[in-house]
1. Determine if the range 16-24 includes at least one residue that is surrounded by fewer than 24 Cβ atoms within 10 Å (Cβ to Cβ), in a helix (DSSP H, G or I) and more than 16 Å from the ligand (Cβ to nearest atom).
2. Consider Ser55 against the criteria (1) touching an Asp or Glu at 6+ places or on another chain (Cβ under 8 Å); (2) farther than 24 Å from Gly171 by Cα; (3) touching a residue at least 40 places away in the same chain (Cβ under 8 Å): it satisfies all of them except one. Which criterion is unmet?
3. Can you list residue pairs whose Cβ atoms sit under 8 Å apart, with the first residue in the range 216-237 being among the aromatic types (Phe, Trp, Tyr) and the second being assigned to a loop (DSSP other than H, G, I, E, B)? Count only pairs 6 or more apart in sequence or on different chains.
4. For the range 256-296, give me each residue that is within 15 Å of the ligand (Cβ to nearest atom) and either touching a Lys or Arg at 6+ places or on another chain (Cβ under 7 Å) or basic (Lys, Arg) (or both).
5. Would you pick out the residues in the range 123-146 that are over 14 Å from His70 (Cβ atoms) and either of a type in the set (Gly, Ala, Ser) or in contact (Cβ under 8 Å) with a residue 24 or more places away in the chain (or both)?
6. State which residue pairs qualify: first residue at pLDDT 95 or above and inside the range 191-202, second residue acidic (Asp, Glu) and more than 9 Å from the ligand (Cβ to nearest atom) in any location, beta carbons under 9 Å apart, and separation of 6 or more residues or different chains.
7. Return a yes/no flag: does the range 209-219 have any residue that is within 11 Å of the ligand (Cβ to nearest atom), buried (at least 16 other Cβ atoms within 10 Å of the Cβ) and acidic (Asp, Glu).
8. Just wondering, is there one or more residues in the range 251-267 that are over 16 Å from Ala189 (Cα atoms) and at pLDDT below 95?
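The values are calculated or read from the model by the stated rules, or taken from the named source; none is laboratory data. The model shown is predicted, which means the values in this text are computed figures rather than measured ones. Ideal geometry is used to build each Cβ from the backbone, glycine not excepted, and the neighbour counts take in all protein chains shown.
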Amino acid sequence: MDELLKYLQWGKVDIQSIVIDGYEIDVLRLDKLDPLISGNKWFKLKYFLSEYFLSNKNVFATFGGAYSNHIAATARAGKELGITTVGCIRGEKPKKYSPTLLQAEKDGMQFQFVSRENYQNKEEIVDAFPEYYWVPEGGFGSIGAKGAQDIWQFLPQNESYTDIFLAMGTGTTVAGIVNGSPSLGKVHAVNVLKNNYSINDELASMLHQNKSQNLVIENEFHFGGYAKKTPELLAFINKIYEDFQLPLDFVYTGKAFYALFTYCLKKQFSNGSKILFIHTGGLQGNNSLSKDVLKF
Ligand SMILES: *Cc1c(COP(=O)(O)O)cnc(C)c1O
């Protein structure tokens with residue numbers, strides 16, 4: 001794993017301080033760790049990779065969509081570590097690869113395209129290839145959450161945040177942040193999926209006992225659903241970049257930051273709040289937008 005630890009840009013990760021409507025906000029810039037193994041994705045992968053190296057398997061395989069940040073990160077991690085990666089991709093093989101798949105292919109990932117129907121039965125796929133080491137889609141589960149807990153290493157020990165905002169997909173990163181929280185501050189998990197009714201059970205499977213009291217799920221900021229976007233969201237992302245030189249992606253961090261911004265405008269924080277935004281990366285996802293949409 002040393003090759004990968006040396007490759008990642010630890011020194012670039014910093015805390016950017018910005019002010020919105022009088023509220024001071026710390027932004028943990030995990031996006032700077034790497035353009036592809038960015039944000040939360042390294043943390044979710046790390047203990048899966050350690051387990052893989054202890055196993056007797058020689059293929060590191062996982063699941064994802066054609067634009068998945070997790071696929072992008074897994075492919076690049078495999079390249080840096082010199083291991084064979086397989087991406088089981090949702091949907092028939094496209095005529096034209098997405099920017100994510102093109103990059104992952106360059107990074108040496110081999111693809112297995114699976115119809116949307118068969119993709120529902122991931123266990124069957126796993127059973128068909130027992131010689132692979134399989135990581136669940138999105139690095140979901142307790143192993144991923146244990147890695148996400150290590151994000152706390154970047155935050156000052158003496159700082160008690162009262163409100164932490166971050167984007168939530170599978171909930172794995174949120175679980176790690178809540179489990180590792182040294183205080184009783186609120187963790188605002190901004191759900192980027194619409195009508196994801198199983199998320200509470202999934203979070204419960206990863207959260208340590210007595211920790212869920214810190215968690216607030218924000219369900220009003222999905223902008224129509226997973227990977228959906230509106231002109232308002234894109235204009236917001238441009239405005240935040242112009243005002244703070246803070247680049248956001250339209251699938252996850254743009255929506256999460258919009259939630260935080262709305263709290264500020266509505267003055268929903270109490271006096272003396274210490275607010276943290278965790279930038280979970282994912283900027284490669286913006287490559288699927290046409291070039292003139294974003295100003296960065
Ligand atoms: C994958 C991803 C998330 C979601 O993480 P989960 O652990 O699945 O909740 C959030 N932000 C970005 C940028 C991501 O790529």
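1. No, the range 16-24 has no match at all.
2. Every condition holds for Ser55 apart from (1).
3. Correct list of pairs: Phe221/Val192; Phe223/Lys229; Phe223/Thr230; Tyr226/Gly169; Tyr226/Val192; Tyr226/Leu193; Tyr226/Lys194; Tyr226/Val251.
4. Answer for the range 256-296, where residues must be within 15 Å of the ligand (Cβ to nearest atom) and either touching a Lys or Arg at 6+ places or on another chain (Cβ under 7 Å) or basic (Lys, Arg) (or both): His279, Gly281.
5. Ile125, Ala128, Phe129, Glu131, Tyr132, Tyr133, Ser142, Ala145, Lys146
6. Here the result reads Asn191/Glu218; Asn191/Glu220, each pair linking the range 191-202 to a residue that is acidic (Asp, Glu) and more than 9 Å from the ligand (Cβ to nearest atom).
7. Checking the range 209-219: not a single residue is within 11 Å of the ligand (Cβ to nearest atom), buried (at least 16 other Cβ atoms within 10 Å of the Cβ) and acidic (Asp, Glu).
8. No, because not a single residue in the range 251-267 is over 16 Å from Ala189 (Cα atoms) and at pLDDT below 95.
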